[in-house]
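Below is one structure; the comments refer to it alone.
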Amino acid sequence: MAFRDDALAGLHIVISGGCGAIGLGIVKKLVAHGANVTVNDILSDQVATDRLRQHGIDAEKINYVKADLTDPDETDTLISAARQHFGPIHVALCHIGMVIPKPLLEYNADEWDETMAVNVRTAFLLGSAASRSMLEDGIKGQLIFTTSWVADVPWPEIGPYNASKAAMKQLMRSFARELADKGIRANAVAPGIVSVGLAKQQWDTDPTYRARAQKAIPLGVMQPLDSVANAFLFLCSSAADYMTGTVLLVDGGCSLYPMDDA
Ligand SMILES: NC(=O)c1ccc[n+]([C@@H]2O[C@H](COP(=O)([O-])OP(=O)(O)OC[C@H]3O[C@@H](n4cnc5c(N)ncnc54)[C@H](O)[C@@H]3O)[C@@H](O)[C@H]2O)c1
């Protein structure tokens, strides 16, 4: 099924980490369906705008804001800049993520803290600031968190990442529970092993990871970027208006199998 090109017309969507591999695919999809998108990342304006242009994204429909979202003040600055440019925010995508691949017993405390700060703290700060702006502007909006199938399955050698995604899932459910009566919904998209970005880097550089991943995808191929972007399109659209507190799992069946020692 295809969505109409104007399915998201009139929506202002903010995405954090939007110049990463998956983020660019999501931004392109949302803009192609009529949304105005404020794109955040920590990249320079020049690098970010070059990337967005190279992906063929309509410059009129995007506003790039450089900000480090581990910082509450920079998060507030993002929200102000977003509202100033495109008006009230309807949807905020808490999408930033990072991973340090190594066995759990080799992680040190700083690596744990960094993973939690980049993945969970940024999601909390953006989710909170965006919700406050929606309440001030009288918007019945939505938060969407990018989690992962590994929020529920302990994929080896990324333990703190698994824990961070489980924390994001429960954070999403907490936003959904507390803000439902104010008309603000919260949901998550949980991708599988995607053919771009963090997983692809491991796939290309770590033969052990690749062997394990090849066994773990029931549908047999790495996840197409478009399948992730389509999940965001659906959740942002009015077709998902009655959904809150839900994880939309789009993982090619990865989570169906218990991990063996492949
Ligand atoms: N690649 C996969 O297979 C996969 C699978 C499931 C979930 N995910 C999730 O999808 C999201 C995107 O992953 P990706 O593979 O595109 O990674 P990516 O590294 O390509 O993108 C992440 C982006 O976040 C930005 N960023 C990092 N710290 C930031 C900060 N403090 N403030 C603002 N921006 C910051 C980075 O500059 C980068 O552009 C992550 O949440 C990731 O956990 C990825």
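Carbon and sulfur atoms: what percent of the 1.4 Å accessible area of the chain do they account for?
Carbon and sulfur together cover 53 percent of it.
Past the 23 Å Cα-Cα mark, which pairs from 61/182; 28/169; 61/200; 169/215; 165/200?
61/182; 28/169; 61/200; 169/215
Could you rank 78, 225, 198 by how accessible they are, 1.4 Å probe, largest area first?
Heavy-atom accessible area, descending, gives 198, 225, 78.
Considering Cα pairs under 8 angstrom that are at least six residues apart, work out the relative contact order of the chain and quote it in whole percent.
It comes to 18 percent, rounded to a whole number.
How would you classify segment 47-134 from its alpha-carbon gyration tensor, with a ≥ b ≥ c the square roots of the eigenvalues: rounded for a/c under 1.5, else prolate if a/b is greater than b/c, otherwise oblate?
In terms of gyration-tensor shape, oblate.
To the nearest 0.05, what FRET efficiency results for residue 140 and residue 174 with a Förster distance of 25 Å applied to their C-beta separation?
Plugging the Cβ-Cβ distance into 1/(1 + (r/R0)^6) gives 0.85.
If you take every residue apart from residue 86 with its C-beta less than 13 Å away from the C-beta of residue 86, what net charge results, scoring Lys and Arg +1 and Asp and Glu -1?
0
Along each of its three principal axes, how wide is the spread of alpha-carbon positions in segment 1-94, in whole angstrom units, largest first?
That works out to 40, 28, 21 Å along the principal axes.
Which part of segment 142-162 falls in the paramagnetic zone of residue 113, meaning amide N under 16 Å from the point 7 Å along Cα-to-beta-carbon?
No residue qualifies, since no backbone N sits under 16 Å from the label point.
Can you tell me the 0 to 90 degree angle between the C-alpha axis of helix 122-137 and the longest principal axis of the chain, rounded to 10?
Its long axis makes an angle of about 20 degrees.
Amide H neighbours of residue 245 under 5 Å, counting only residues 5+ apart in sequence or on other chains, H built in-plane at 1.01 Å?
Answer set, sorted by chain and number: 186, 187.
Report, to the nearest 10°, how far helix 45-54 tilts away from the longest principal axis of the Cα atoms in the chain, using its own Cα long axis and a range of 0 to 90°.
Helix 45-54 and the main axis of the chain meet at about 80 degrees.
Just to verify a number: FRET efficiency for residue 242 and residue 76, C-beta to C-beta distance, R0 = 35 Å, to 0.05?
My answer for the efficiency is 0.65.
Any idea of the accessible area per residue across the chain, 1.4 Å probe, to the nearest Å²?
46
I need the semi-axes of the equivalent ellipsoid of segment 12-250: take the C-alpha gyration tensor, multiply each eigenvalue by 5, square-root it, list largest first in whole angstrom.
Sorted largest first and rounded, they come to 27, 20, 18 Å.
Quick one: angle between helix 21-32 and the longest Cα principal axis of the chain, in degrees between 0 and 90, rounded to 10, please.
Helix 21-32 and the main axis of the chain meet at about 30 degrees.
By the scheme Lys and Arg +1, Asp and Glu -1, what is the net charge of all other residues having a beta-carbon under 13 Å from that of residue 31?
0
If each DSSP helix of 4+ residues adds -39,500 (n - 2.57) and the sum is divided by the residues in the chain, what number results at 222 nm, nearest 500 deg cm²/dmol?
-13500 deg cm²/dmol
The values are calculated or read from the model by the stated rules, or taken from the named source; none is laboratory data. If you're wondering where the values come from, they're calculated on a predicted model, not measured in any experiment. Glycine also receives a Cβ, built like all others from the backbone with ideal geometry; neighbour counts cover every protein chain displayed. The accessibility values were calculated without ligands, DNA or RNA, using every heavy atom of the protein model including side chains. Shrake-Rupley method; radii C 1.70, N 1.55, O 1.52, S 1.80 Å.
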